[in-house]
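**Q** Have a look at this one before I ask anything.
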Amino acid sequence: MPLVKALLELNKFKNEGDTSPLVEVVVMSRNSPETGVRVFNNIRRLQLPISRHAFTGGESVVDYLDAYDVDLFLTTHAKDAQRVIDARSCAAAILKEPPKDIEKIPEGQVRIAFDGDAVLFDDSSEIVYKADGLGGFHKNEDSKKDIPMQEGPYTSLLKKLSRLQERLPFSVEYSPVRIAIVTARNAPAEMRVIKTLRHWGVYVDEVFFLGGLEKAKVLRAFKPHIFFDDQDLHLEPASNYIPAGKVPYSSDSPLNQ
């Protein structure tokens with residue numbers, strides 16, 4: 001809910017005369033339209049500007065994502081998230097159970113944190129790490145530091161968030177949309193990240209190269225509305241403090257083996 005409220009709050013910055021919002025939230029559910037009445041009543045009670053919904057009466061909602069122009073699909077249904085990742089239609093995550101007490105996030109901001117490999121970037125570097133170990137990974141990344149990484153499942157979302165920053169009446173350094181990359185990479189594998197972001201033309205506020213340090217402590221300090229990672233090793237401790245979503249590997253990825 002804090003993420004939803006913060007995203008919808010950005011619409012107060014849209015230009016006069018714009019007929020469409022800067023950000024839209026759609027509620028999709030396998031529930032029947034009849035049980036959806038409870039959802040409608042809660043949206044009214046909370047005064048949330050959410051006007052679009054899909055209640056599919058037991059059927060998967062995935063088939064309707066394209067019709068609603070969805071950029072990010074959040075779900076607790078693992079099979080639905082896997083279908084979306086395999087179709088490469090939009091970013092998708094399986095939500096972890098959120099912490100009971102979410103620490104106070106700075107008001108007036110949307111704060112989102114991403115892992116790097118297999119989330120923002122493709123899984124090729126992660127495959128090298130799994131196959132050749134840390135030494136092989138560092139050697140590979142240092143030799144390719146001038147070669148941008150291929151796009152991952154969340155690249156499109158990152159680029160759209162960057163364009164959203166450009167539409168807001170703030171210089172990018174003071175934008176209410178604040179983005180962080182929290183990655184286990186460290187030197188000499190860090191330069192490829194920076195040069196890939198430059199190649200994509202996106203601005204990221206903070207980057208943390210942890211080199212084996214625990215991500216949860218950094219994330220607790222950054223206080224994101226949500227964090228996306230592909231590994232439970234990082235997600236489980238982080239989800240004690242912040243909302244977190246697991247990004248599945250595509251079904252044909254060697255990382256599943």
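Only the coordinates and a few stated rules stand behind these numbers; no lab work does. The model shown is predicted, which means the values in this text are computed figures rather than measured ones. A quick note on method: Cβ atoms are made from the backbone with ideal geometry, for glycine too, and the neighbour counts reach across all protein chains shown.
**Q** Under the rule of -39500 (n - 2.57) per DSSP H run of 4 or more residues, summed and divided by the residues of the chain, what mean residue ellipticity at 222 nm is obtained, to the nearest 500 deg cm²/dmol?
**A** So the helix-based figure for the chain works out to -10000 deg cm²/dmol.
**Q** Moving on to the next point. Any idea what the relative contact order of the chain is, in percent, if you count C-alpha pairs under 8 Å spaced at least 6 apart?
**A** 22 percent
**Q** Suppose a student asked you for the relative contact order of the stretch 110-256, using Cα pairs under 8 Å spaced at least 6 residues apart; what percent would you report?
**A** 30 percent
**Q** Nearest 5 percent is fine: what portion of the DSSP beta bridges confined to the chain is antiparallel?
**A** 10 percent
**Q** What are the ³J(HN,Hα) couplings of the stretch 193-210, residue after residue, when phi is run through the Karplus curve with 6.51, -1.76, 1.60 and θ = phi - 60°? Round to Hz, x for glycine and proline.
**A** 5, 4, 6, 5, 4, 4, 4, 6, x, 10, 9, 10, 6, 9, 10, 10, 9, 8
**Q** What base-10 log of the normalised intensity I(q)/I(0) is obtained for the chain from the Debye formula, alpha carbons as equal point scatterers, at q = 0.10, 0.12 Å⁻¹?
**A** Here log10 of I(q) over I(0) equals -0.52, -0.75.
**Q** In debye, nearest 20, what is the charge dipole magnitude of the chain about its Cα centre with +1 on Lys and Arg Cβ and -1 on Asp and Glu Cβ, if you could check?
**A** 640 debye
**Q** PRE reach from ILE147 (point 7 Å along Cα→Cβ): which of the stretch 113-130 fall under 16 Å by backbone N?
**A** Backbone N within reach: 122-129.
**Q** Test of understanding: what is the full-extension gain from ARG30 to HIS77, defined as 0.36 nm times their sequence separation minus their Cα-Cα distance?
**A** In short, 15.9 nm is gained.
**Q** If you stretched the chain out fully between ALA221 and PHE13, how much longer would it get, using 0.36 nm times the residue separation minus the C-alpha to C-alpha distance?
**A** 72.2 nm
**Q** Would you please state the base-10 log of I(q)/I(0) at q = 0.15, 0.29, 0.31 1/Å for the stretch 193-237, with intensities from the Debye formula using one equal scatterer on every alpha carbon?
**A** Taking Cα atoms of the stretch 193-237 as identical point scatterers yields -0.48, -1.16, -1.20.
**Q** Can you pull the semi-axes for the stretch 113-257, root of five times each eigenvalue of the Cα gyration tensor, sorted largest first, whole Å?
**A** Sorted largest first and rounded, they come to 24, 19, 14 Å.
**Q** Further, regarding this structure: Test of understanding: ordering MET191, MET1, MET28 by Cβ neighbours within 10 Å, fewest first, what list do you get?
**A** Lowest to highest Cβ neighbour count: MET1, MET191, MET28.
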